[in-house]
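The values are calculated or read from the model by the stated rules, or taken from the named source; none is laboratory data. Note that the coordinates shown come from a computational prediction; the quantities given were computed from them, not determined experimentally. Every residue, glycine as well, gets a Cβ built from its backbone with ideal geometry; the counts of neighbours run over all protein chains shown. Please note that ligands, DNA and RNA were not included when accessible areas were found on the heavy atoms of the full protein model with its side chains. Shrake-Rupley method; radii C 1.70, N 1.55, O 1.52, S 1.80 Å.
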Amino acid sequence: MHHEGLDPVLVFALIGVLGVGSQWLAWRFRLPAIVLMLVAGLVAGPATGILNPARDIGDLMRPMVAIAVAIILFEGGLTLNLKSLTGASLPVRRLVFVGAPLGWLLSTLAGHYAGGLSWESAVVFGGILVVTGPTVIAPLLRQAALASRPASILKWEAIVNDPVGALAAVLAFEVVSALNTQGSLLAAAEHLAIGIVVATVAGFAAGWAIVWTFQRGHVPEYMKVPVLFGAVLAVYAGSDTLLHESGLLAVTVMGLYIANSHLPSFTEILRFKEHATVLLVSGVFILLASSLTLDMLMLLDWRALAFVLAIVFVARPLTVLLSFVGTDLPRNERILVAWIGPRGVVLVAVAGLFGTRLEELGIADGPLLAPLSFALVAATVVLHGFSIAPLGRALGLGAKTAPGLLIAGGSKWTVALAETLKEADVPVLIADRNWFRLRSARQAEIPVFFGEVLSEAAEHSLDPNAYAFVLAATDNDAYNTLICTDLGPEFGRNQVFQVGRHEGQENDRDLPVTLGGRGFAAGWPVEEYADRLAEGWRFRVTGLTEAFGPDAYREANPDALILGAIDKAGGLRFADPKTEFALKGDDRVLGFGPPD
């Protein structure tokens, strides 16, 4: 089918709509976003010919992909906090220090012997394959509801190995580039050493300059993200101009430096990288998927199938199982982690860029990297996406209940609420910075977290899949607001609640809508719950039936405060003071009412 070239502005708009639209649909219907993006790109590109980047934007495509990959690699560097790595569990450290180089080696062998790639392409591709894709793992873990430890291992492996794999691919490409452009081995080694030094110095210098200016207030808050974005582009272009192909390594080093500099503005920087990555990752994926031609897809023969099978059934399991030798991890958890290793958008983006670069160096099979990466992504997402939950249940690693409630603030009434939820088989945990306030919870055998709930220790210690809601219920209104503001992006703004503010203080309407969480139940402050508890009020879970429905419950409990409900699957819903809470006929009502 013949189509005239589209206007470049329309092309960019179409890429944005397809990419972001696919991500939204994936969130809405709980599907892997990468599958929808792959389908959208293939339909708009080779299937219909509506979108053809080579035809529509021509020479702009290569620098666009290069800049996008540079920002993606910078974002990868920002995620690697070395302090977090040293504090991670032993299995995670093994997957980084043993699994990454071992996975690189095994993937290289699979690419050469099973996929038929040249050693140059195989070693570059093998480095990229270290990445398991945090943007793919996270939704799979949420859907599968695995037990705490294997879910945490898979999550942190994806986060930490994301920059490690990209860095491995960059270094491998530097070696291949030096060997193919310098002639002699000595000249290649000299060129490689100079490239690494230049990139490292440029990355460290730029990172130091950003940290120095930000810490001393030389850049206003509203300009920090734009300045950072401009600095990344400048470092990439400047380093690449000074020494060809050193820019990607430079921006990765820059991200690593900033991530480990304890910047007060680091939260805002992370918000930038999250937003930029969603846009760039989806855009690059659509761009590369629509750039596939029928001729490129025809290159995927039996060797491509052999390569995918070798990665999925040999390289990944061997990497994990050998990495866990000597650890006390149970066999069922080793099997689950060894099987689950979906690849994501970073693999496609980096492979697409390096495939083009390898072709420019005269390596004939460089163009194979893009279609192979798409094939591997599609296979792993489908295989692992559909098997993670059944395999977890078969191995006894499925979560026993639906996600529950994380309560910040230990007190008599929060312990009473937690006991009631625990009796209803709802996971609940109480966190507090005061050990004494947790005494009642410990005596009631309620899970507790002693420490700052907003700290890195909490991020590593708390199971991300066990709790879907947060209730900030301390006696400090400002701290409750801070908890909900900080945890809102992670849990979802609709999932974080806080008790009402103390009487005599500013009204909630005085706070910007960007701060704090939703009001909890009727908006009572902590003193109201404590006083009612002292008067004999109790938390109760009452099941509804056809004979005893929502109206009957309200008639029988006219003074009770409805806090929320538990559906038949064990899922929680909480009431807030701004909306009328709707009960369903098969709910269990969570109420707080007088003793009779």
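Considering the range 336-350, and only residues there that are at pLDDT below 85 and in a helix (DSSP H, G or I), the residue that is most open to solvent (accessible area, probe 1.4 Å) turns out to be Val346. For the range 570-596, name all the residues that are in a loop (DSSP other than H, G, I, E, B) and among the aliphatic types (A, V, I, L, M). The answer is Ala575, Ala582, Leu583.
Restricting the range 565-596 to residues that are β-branched (Val, Ile, Thr) and touching a residue at least 40 places away in the same chain (Cβ under 8 Å) leaves a set whose member that is nearest to Phe539 (Cα to Cα) is Val589. Reported count of residues in the range 276-320, each being buried (at least 22 other Cβ atoms within 10 Å of the Cβ), of a type outside the set (A, V, I, L, M, F, W, C) and within 15 Å of Ala110 (Cβ to Cβ), is 2. Identify the residue in the range 552-569 that is part of a loop (DSSP other than H, G, I, E, B) and of a type in the set (Asp, Glu) and, among all such residues, is surrounded by the fewest Cβ atoms within 10 Å (Cβ to Cβ). Taking the candidates together, the pick is Asp559. As a summary of the residue check, Ala468 satisfies the conditions (1) modelled with pLDDT under 90; (2) open to solvent by 40 Å² or more (accessible area, probe 1.4 Å); (3) not polar (S, T, N, Q) except for the one numbered (2). Among the residues of the range 3-18, the ones that are at pLDDT 85 or above and closer than 14 Å to Ala44 by Cα come to 9 in all. For the range 19-52, residues that are surrounded by fewer than 21 Cβ atoms within 10 Å (Cβ to Cβ) and either modelled with pLDDT under 80 or outside any loop (DSSP other than H, G, I, E, B) (or both) total 19.
Put simply, of Thr327, Thr380, Thr356 the only residue that is under 26 Å from Val43 (Cβ atoms), touching a Pro at 6+ places or on another chain (Cβ under 7 Å) and among the polar types (S, T, N, Q) is Thr380. A search for C-beta distances below 8 Å between a residue of the range 21-50 that is over 9 Å from Ser290 (Cβ atoms) and hydrophobic (A, V, I, L, M, F, W, C) and any residue that is part of a helix (DSSP H, G or I) and open to solvent by 80 Å² or more (accessible area, probe 1.4 Å), counting only pairs 6+ apart in sequence or on different chains, returns Ala33/Trp27; Ala33/Thr135; Ile34/Thr135.
List the residue pairs whose Cβ atoms are under 6 Å apart, where the first residue sits in the range 380-396 and is of a type outside the set (A, V, I, L, M, F, W, C) and modelled with pLDDT under 85, the second is crowded, with 19+ Cβ neighbours inside 10 Å and in a helix (DSSP H, G or I), and the two are 6 or more positions apart or on different chains. Here the result reads Gly385/Leu140, each pair linking the range 380-396 to a residue that is crowded, with 19+ Cβ neighbours inside 10 Å and in a helix (DSSP H, G or I). Screening Arg518, Arg532 for residues that are among the basic types (Lys, Arg), modelled with pLDDT of 80 or more and open to solvent by 60 Å² or more (accessible area, probe 1.4 Å) leaves exactly one candidate, Arg518. Residues in the range 109-126 that are among the hydroxyl-bearing types (Ser, Thr, Tyr) and either in contact with a Phe, Trp or Tyr (Cβ under 7 Å, 6 or more places away or on another chain) or open to solvent by less than 10 Å² (accessible area, probe 1.4 Å) (or both): Ser121 alone.
For every residue, the table says whether it meets (1) at pLDDT 85 or above; (2) open to solvent by less than 30 Å² (accessible area, probe 1.4 Å).
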| residue | (1), (2) |
| --- | --- |
| Glu452 | no, no |
| Thr474 | yes, yes |
| Cys484 | yes, yes |
| Glu490 | no, no |
| Gln495 | yes, no |
| His502 | no, no |
| Gln505 | no, no |
| Glu527 | yes, no |
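Scanning the range 398-423 for residues being assigned to a loop (DSSP other than H, G, I, E, B) and open to solvent by 10 Å² or more (accessible area, probe 1.4 Å) gives a total of 7. Consider the range 127-161 and keep the residues that are open to solvent by 30 Å² or more (accessible area, probe 1.4 Å) and within 16 Å of Val281 (Cβ to Cβ). The one that is modelled with the highest pLDDT is Ile159. Applying a threshold of 6 Å to beta carbon distances and a minimum spacing of six or more residues, or different chains, the list of pairs starting in the range 208-236 at a residue that is within 19 Å of Gly76 (Cα to Cα) and touching a residue at least 40 places away in the same chain (Cβ under 8 Å) and ending at one that is open to solvent by less than 60 Å² (accessible area, probe 1.4 Å) and among the charged types (D, E, K, R) is empty. Within the range 209-222, the set of residues being over 26 Å from the mean Cα position of the chain (by Cα), assigned to a helix (DSSP H, G or I) and more than 14 Å from Ile258 (Cβ to Cβ) is empty. The residues of the range 427-456 that are within 24 Å of Gly488 (Cβ to Cβ) and of a type in the set (Gly, Ala, Ser), listed by number, are Ala431, Gly451, Ser455.
To keep it simple, each residue is scored yes or no on (1) more than 31 Å from the chain's Cα centre (by Cα); (2) at pLDDT below 80; (3) charged (D, E, K, R).
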{"position": "Pro163", "(1), (2), (3)": "no, yes, no"}
{"position": "Glu174", "(1), (2), (3)": "no, yes, yes"}
{"position": "Asn180", "(1), (2), (3)": "yes, yes, no"}
{"position": "Ala187", "(1), (2), (3)": "yes, yes, no"}
{"position": "Glu190", "(1), (2), (3)": "yes, yes, yes"}
{"position": "Thr200", "(1), (2), (3)": "no, no, no"}
{"position": "Gly207", "(1), (2), (3)": "no, no, no"}
{"position": "Lys224", "(1), (2), (3)": "no, no, yes"}
{"position": "Leu228", "(1), (2), (3)": "no, no, no"}
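Among the residues making up the range 366-389, those that are over 26 Å from the mean Cα position of the chain (by Cα) and open to solvent by 30 Å² or more (accessible area, probe 1.4 Å) are Pro367, Leu368. The lone criterion from (1) touching a residue at least 24 places away in the same chain (Cβ under 8 Å); (2) out of contact with any Phe, Trp or Tyr (no Cβ under 8 Å at 6 or more places or on another chain); (3) not aliphatic (A, V, I, L, M) left unmet by Pro91 is number (2).
Does the range 324-335 include one or more residues that are open to solvent by less than 20 Å² (accessible area, probe 1.4 Å) and within 19 Å of Leu31 (Cβ to Cβ)? No; the residues of the range 324-335 include none that is open to solvent by less than 20 Å² (accessible area, probe 1.4 Å) and within 19 Å of Leu31 (Cβ to Cβ).
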